[in-house]
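Visitor: Following this message is one structure expressed as structure tokens.
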Amino acid sequence: MEEMEEELKCPVCGSFYREPIILPCSHNLCQACARNILVQTPESESPQSRRASGSGVSDYDYLDLDKMSLYSEADSGYGSYGGFASAPTTPCQKSPNGVRVFPPAMPPPPTHLSPALAPVPRNSCITCPQCHRSLILDDRGLRGFPKNRVLEGVIDRYQQSKAAALKCQLCEKAPKEATVMCEQCDVFYCDPCRLRCHPPRGPLAKHRLVPPAQGRVSRRLSPRKVSTCTDHELENHSMYCVQCKMPVCYQCLEEGKHSSHEVKALGAMWKLHKSQLSQALNGLSDRAKEAKEFLVQLRTMVQQIQENSVEFEACLVAQCDALIDALNRRKAQLLARVNKEHEHKLKVVRDQISHCTVKLRQTTGLMEYCLEVIKENDPSGFLQISDALIRRVHLTEDQWGKGTLTPRMTTDFDLSLDNSPLLQSIHQLDFVQVKASSPVPATPILQLEECCTHNNSATLSWKQPPLSTVAAEGYILELDDGSGGQFREVYVGKETMCTVDGLHFNSTYNARVKAFNKTGVSPYSKTLVLQTSEAGAHETKPMKDTDSEEQTLPFPVPSERLPLRRMSPFSSTLNLQPSFPGRSYFDFRSSPHQLSLHSSLQSLNAPGCNFETQSASYSQLVAWFAFDPGSAHSDIIFSNDNLTVTCSSYDDRVVLGKTGFSKGVHYWELTIDRYDNHPDPAFGVARIDVMKDVMLGKDDKAWAMYVDNNRSWFMHNNSHTNRTEGGITKGATIGVLLDLNRKTLTFFINNEQQGPIAFENVEGLFFPAVSLNRNVQVTLHTGLPVPDFYSSRASIA
């Protein structure tokens, strides 16, 4: 009930109403406060003068608002009654609850009567402090206003419900605890306020002061006053005038004031108005409930904003730290190159110093020997060796010819770091605000009459709802693993028909599709159940909707559908890895009627997908893939639909395949298109986070074979093993066999196994990988069967 307290306080004094009266505008005032804000008006505006002039008469005459200006336009805080030369301008004050009130123009005459009985000055006017409507009082004065007994009762119940100690009603700021209550004044006083406002002298000396608790009890036990007629104080209200909207007594009806008005029983109108108030409260209660829910939502938003702020700040710090780490790694790489250049320069200069030192020592020895020979006085002996010495001197002099005394290396470092693009990028680093400009597309509808299965392939077709107004930029088709596992994306694109090849025979798959645009994604369509044929069977089956009966729906297969390209069936573990919009892991072949998805879903491996192996012996996953420009080193050059790669640098650079493998047997080949100056390209598999700027196998993230024109080595974590004779030339073929069933990696050159099994106990997620420099160009070939001799050996094993 704390929120109700403002409704129970007088707008003038700011305290609980005491003997409240009801103004014609329906607002309430304490009777004493109403007397305090009375203003005397000129004689010409009195009700008697209006009756004499023949103007309309009513018990309460409102002043013409056009003649009265309560406030100036600038709201200066002063009000005046315009049009009256004798009306003084009265300063406007504020009550404790912020409502402006007008004090009396002159102090009321001293009287010993109670406020209710004290005479009211002639031609008095009262202005409602809440709605600012003014009216002139008649001869009855304030006694002409009805008393609000209901409000008094509500205030009594409210004060009784408060368990706290009674407070003084006259303290201006922080009310102190009341010490006494005056039964005649019906006011609680603290000691300072009692001495100041209720001195024990004069007429107040006869008032009875009681303790606050006793005063509360006496208030509670005092009989409720019966509402009496304002015109006939001895008569109780018994009827209700509908036109005047006020209760009346029998004497009012007998006098004829309401003779032509509709009058109804007081009890009936009481019940009717209670019902109307209850109905109005229902609507208001709904609004209040909505407001409370809205406040809860806002408070939840505050908490979410704080949580999101912390999360966003942590993400921002992590992103900036990642940039700093990347910059530090690049710094280390650049410093390594500088150190390499430094060591190279020092080696060249030191070699030249050593060479010159030896040669200078030889030259000096020859010179000293020649000088000693010149000192000899034996002509015949001198002539025997002079020709040879002369030739040696000329030969030695020629060896110190042009270029011998020129440094082979400069002291300057021919390296210049171009950091301007990076600095510009750092300055341009900013947040991107993504605003939804349009709604998400509608849920796609699967066209069951176009959906079917054929052997171990499934074709699905869908469309946008006919009345959809939001365009879809593409669609995402998802399949589960055939064992009720989680869904994985198998197609992302603009087409509305897709054929998925290479599913397991005699398996049940669930499929669903959703649309997307720049704003977001739509809800999923209904889930369809796809049943593939039994192994060796050749039949076409329609689809089954999960919302329909558990039987195959009799949907016909369109006769114009082109035959599906059927790949060699397999029954090994099939893993799906989520793809991204605009980027597919599959090899798409389109026809006028369908889009085929070959590669047996490529064994895109993701943790948590566990398809049970159905073959009892050896099985292979046939996969189509290409090189991945997104993860490759920036020096790698792509062509031929990302199947051919070379490099722009003399240093080795790494490029990965798009597809990762974690189960099954996989085989691919690479042909050498160009091979100059006997480089050492490397071939093998790697983790996704392998180093891209060194030879494959230098770190612990790659398992590779590097080969030149004569021999090959296996390398992992910079450890070289199993040197094998036999190299590569232009046109050679490198085969890579990853057997994750046996956890081995084997290499082939020109269809012959190169050395023993290269690596064993390999497990996890591996991507095909190659490292090369600008002297090598290779082309990737995928979807190949395993070499026959290995298949036979695996079957025997």
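The values are calculated or read from the model by the stated rules, or taken from the named source; none is laboratory data. Because the structure is predicted, anything quoted here is derived from the model rather than measured. Methodologically, a virtual Cβ is constructed for each residue, glycine included, from the backbone with ideal geometry; neighbour enumeration extends over all protein chains shown. The accessibility values were calculated without ligands, DNA or RNA, using every heavy atom of the protein model including side chains. Shrake-Rupley method; radii C 1.70, N 1.55, O 1.52, S 1.80 Å.
Visitor: Which one is modelled with the lowest pLDDT, of the residues in segment 413-426 that are surrounded by fewer than 10 Cβ atoms within 10 Å (Cβ to Cβ) and among the hydroxyl-bearing types (Ser, Thr, Tyr)?
Guide: The qualifying residue modelled with the lowest pLDDT is Ser416.
Visitor: Taking Glu372 as the residue in question, decide whether it is of a type outside the set (A, V, I, L, M, F, W, C) and exposed (fewer than 12 other Cβ atoms within 10 Å of the Cβ).
Guide: So Glu372 passes the test.
Visitor: Looking at the structure I just gave you, is Glu449 outside any loop (DSSP other than H, G, I, E, B), among the acidic types (Asp, Glu), on the phi < 0 side of the Ramachandran plot and under 28 Å from the mean Cα position of the chain (by Cα)?
Guide: Spelling it out, it is not the case that Glu449 is outside any loop (DSSP other than H, G, I, E, B), among the acidic types (Asp, Glu), on the phi < 0 side of the Ramachandran plot and under 28 Å from the mean Cα position of the chain (by Cα).
Visitor: Still on this structure, I have one more. If you go through segment 377-387 one residue at a time, do you hit one that is assigned to a loop (DSSP other than H, G, I, E, B) and either out of contact with any His (no Cβ under 8 Å at 6 or more places or on another chain) or among the small types (Gly, Ala, Ser) (or both)?
Guide: yes
Visitor: Checking the structure you have, find out if any residue of segment 751-760 is more than 24 Å from Asp676 (Cβ to Cβ), among the hydrophobic types (A, V, I, L, M, F, W, C), open to solvent by 30 Å² or more (accessible area, probe 1.4 Å) and assigned to a helix (DSSP H, G or I).
Guide: Checking segment 751-760: not a single residue is more than 24 Å from Asp676 (Cβ to Cβ), among the hydrophobic types (A, V, I, L, M, F, W, C), open to solvent by 30 Å² or more (accessible area, probe 1.4 Å) and assigned to a helix (DSSP H, G or I).
Visitor: For segment 204-213, give me each residue that is modelled with pLDDT under 85 and either loosely packed, with under 13 Cβ neighbours inside 10 Å or among the hydroxyl-bearing types (Ser, Thr, Tyr) (or both).
Guide: Hit for segment 204-213 is Ala213, nothing else.
Visitor: Criterion first (more than 15 Å from Ala511 (Cα to Cα), open to solvent by less than 90 Å² (accessible area, probe 1.4 Å) and of a type in the set (Gly, Ala, Ser)) does Ala471 satisfy it?
Guide: yes
Let's see how each residue does on (1) open to solvent by less than 80 Å² (accessible area, probe 1.4 Å); (2) in a loop (DSSP other than H, G, I, E, B); (3) of a type in the set (Gly, Ala, Ser); (4) in contact with a Ser or Thr (Cβ under 8 Å, 6 or more places away or on another chain):
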position: Glu233; (1), (2), (3), (4): no, yes, no, no
position: Tyr240; (1), (2), (3), (4): yes, no, no, no
position: Pro247; (1), (2), (3), (4): yes, no, no, yes
position: Ser275; (1), (2), (3), (4): yes, no, yes, no
position: Leu281; (1), (2), (3), (4): no, no, no, no
position: Ala288; (1), (2), (3), (4): yes, no, yes, no
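Visitor: Find the residue count for segment 478-529, including only residues that are closer than 12 Å to Leu460 by Cβ, in a strand (DSSP E or B) and not β-branched (Val, Ile, Thr).
Guide: The number of residues fulfilling the criteria is 10.
Visitor: Among the residues of segment 749-774, count how many are on the phi > 0 side of the Ramachandran plot and touching a residue at least 24 places away in the same chain (Cβ under 8 Å).
Guide: The number of residues fulfilling the criteria is 3.
Visitor: Moving on to the next point. Residues to consider are Pro223, Pro199; find the one that is modelled with pLDDT of 85 or more, surrounded by fewer than 16 Cβ atoms within 10 Å (Cβ to Cβ) and not in a helix (DSSP H, G or I).
Guide: Every option except Pro199 fails the conditions.
Visitor: Could you grab the pairs with beta carbons closer than 7 Å, sequence gap of 6+ or different chains, first residue in segment 439-460 and free of Cβ contacts under 8 Å to residues at least 60 places away in the same chain, second one open to solvent by 30 Å² or more (accessible area, probe 1.4 Å)?
Guide: Gln447/Lys463
Visitor: Of the residues Thr363, Thr396, Thr410, only one is open to solvent by less than 100 Å² (accessible area, probe 1.4 Å) and in a loop (DSSP other than H, G, I, E, B); which?
Guide: It is Thr410.
Visitor: If you don't mind, another one. Can you name the residue in segment 230-285 that is touching a helix residue (DSSP H, G or I) at 6+ places or on another chain (Cβ under 9 Å), of a type in the set (D, E, K, R) and at pLDDT 80 or above and, of all such residues, is farthest from Lys147 (Cα to Cα)?
Guide: Lys264
Visitor: Taking into account only those residues within segment 509-527 that are of a type in the set (Val, Ile, Thr) and open to solvent by 20 Å² or more (accessible area, probe 1.4 Å), which is nearest to Ser483 (Cα to Cα)?
Guide: Ranking the candidates gives Thr527 first.
Visitor: Still on this structure, I have one more. So if I check each of Thr721, Thr746, which one is without any contact (Cβ under 8 Å) to a residue 12 or more places away in the chain and either part of a strand (DSSP E or B) or among the small types (Gly, Ala, Ser) (or both)?
Guide: Criteria check complete, one pass: Thr721.
Visitor: Could you say whether any residue in segment 256-263 is farther than 12 Å from Cys241 by Cα, without any contact (Cβ under 8 Å) to a residue 40 or more places away in the chain, open to solvent by 100 Å² or more (accessible area, probe 1.4 Å) and not aliphatic (A, V, I, L, M)?
Guide: No; the residues of segment 256-263 include none that is farther than 12 Å from Cys241 by Cα, without any contact (Cβ under 8 Å) to a residue 40 or more places away in the chain, open to solvent by 100 Å² or more (accessible area, probe 1.4 Å) and not aliphatic (A, V, I, L, M).
Visitor: Turning to a different aspect of this structure: From Asp739, Asp708, Asp700, which residue is out of contact with any Asp or Glu (no Cβ under 8 Å at 6 or more places or on another chain) and either free of Cβ contacts under 8 Å to residues at least 12 places away in the same chain or surrounded by fewer than 20 Cβ atoms within 10 Å (Cβ to Cβ) (or both)?
Guide: Among Asp739, Asp708, Asp700, only Asp700 is out of contact with any Asp or Glu (no Cβ under 8 Å at 6 or more places or on another chain) and either free of Cβ contacts under 8 Å to residues at least 12 places away in the same chain or surrounded by fewer than 20 Cβ atoms within 10 Å (Cβ to Cβ) (or both).
Visitor: At pLDDT 90 or above, closer than 26 Å to Pro629 by Cα and either surrounded by fewer than 18 Cβ atoms within 10 Å (Cβ to Cβ) or not acidic (Asp, Glu) (or both): is that true of Gly727 in this structure?
Guide: Here the answer is no, as Gly727 does not meet what is asked.
Visitor: Among the residues in segment 320-332, are any farther than 30 Å from Asp652 by Cβ and either open to solvent by less than 60 Å² (accessible area, probe 1.4 Å) or assigned to a helix (DSSP H, G or I) (or both)?
Guide: The answer is yes, given that some residue of segment 320-332 is farther than 30 Å from Asp652 by Cβ and either open to solvent by less than 60 Å² (accessible area, probe 1.4 Å) or assigned to a helix (DSSP H, G or I) (or both).
Visitor: Could you give me the residue pairs with C-beta distances under 6 Å whose first residue belongs to segment 368-384 and is of a type outside the set (A, V, I, L, M), whose second residue is open to solvent by less than 100 Å² (accessible area, probe 1.4 Å) wherever it lies, and which are 6+ apart or on separate chains?
Guide: Short answer, once both residue conditions are applied: Cys370/Leu389; Glu376/Phe382.
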